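The values are calculated or read from the model by the stated rules, or taken from the named source; none is laboratory data. Keep in mind it's a predicted model, so treat the numbers as computed, not measured. Every residue, glycine among them, receives a Cβ derived from its backbone with ideal geometry; neighbour counts consider all protein chains shown.
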Amino acid sequence: MARSPNRGRDREDREESEFKEKLVGINRVAKVVKGGKRFGFAALVIVGDLKGRVGFGHGKAREVPEAIRKATEAARRGLVRIPLREGRTLHHDSFGRHGAGKVVLRSAPPGTGIIAGGPARAVFEMLGVQDVVAKSLGSTNPYNLVRAAFDALKHQENPRGVANRRGKKVSEIISRRRDGSADADSADAAA
């Protein structure tokens, strides 16, 4: 059976259609040289499949499209898989930081939507999260905020992994989560 000469290219096209990309920021940067300044562009891009895989990349070039292409390639190389609860929110609250950028992520009930600002919102949209609340503290630099959001997402664990590590059943760990929310509901009803 003869191989198709476009076999590798077909896989690349499929991969490209599988992932979505979002440009978070573009900056004009200058390099001072003997004759004056050379201007270039730096791009920050988030890439994701909207199903739990996301990555970010940074690229610099003399032209904007080239900087975006480099950033997109870097983002695809650095994809990470994040466990999601019911494919719509995070399993638990988490905190992440990078430099002076700090981010607090909280899981949310259905219908909440993405409550997050700028760069963090882009990360959640590309990740495929539908309900989350995020608060950024400290630095407003998009590079630091994106890295802080990834640091917080890196700490996400699914109940199955926690149960295996602790030698318990998944139902024991999830039932505790439900008990905590039931207690909160009964306290609201009593008030």
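Does residue 152 qualify as being under 15 Å from the mean Cα position of the chain (by Cα), closer than 18 Å to residue 80 by Cβ and in a helix (DSSP H, G or I)? Taking the combined requirement at face value, the residue satisfies it. For the range 111-125, the criterion of being surrounded by fewer than 16 Cβ atoms within 10 Å (Cβ to Cβ), in contact (Cβ under 8 Å) with a residue 40 or more places away in the chain and in the same structural domain as residue 143 (by TED's automatic domain parsing) is met by at least one residue. The numbered conditions (1) crowded, with 18+ Cβ neighbours inside 10 Å; (2) farther than 23 Å from residue 130 by Cα are all true for residue 89 except (2). Just wondering, is there one or more residues in the range 126-143 that are on the phi > 0 side of the Ramachandran plot and buried (at least 16 other Cβ atoms within 10 Å of the Cβ)? Yes, the range 126-143 contains a residue that is on the phi > 0 side of the Ramachandran plot and buried (at least 16 other Cβ atoms within 10 Å of the Cβ). Number of residues in the range 55-76 that are under 18 Å from residue 153 (Cβ atoms) and either outside the structural domain of residue 43 (by TED's automatic domain parsing) or touching a Gly at 6+ places or on another chain (Cβ under 6 Å) (or both): the value is 3.
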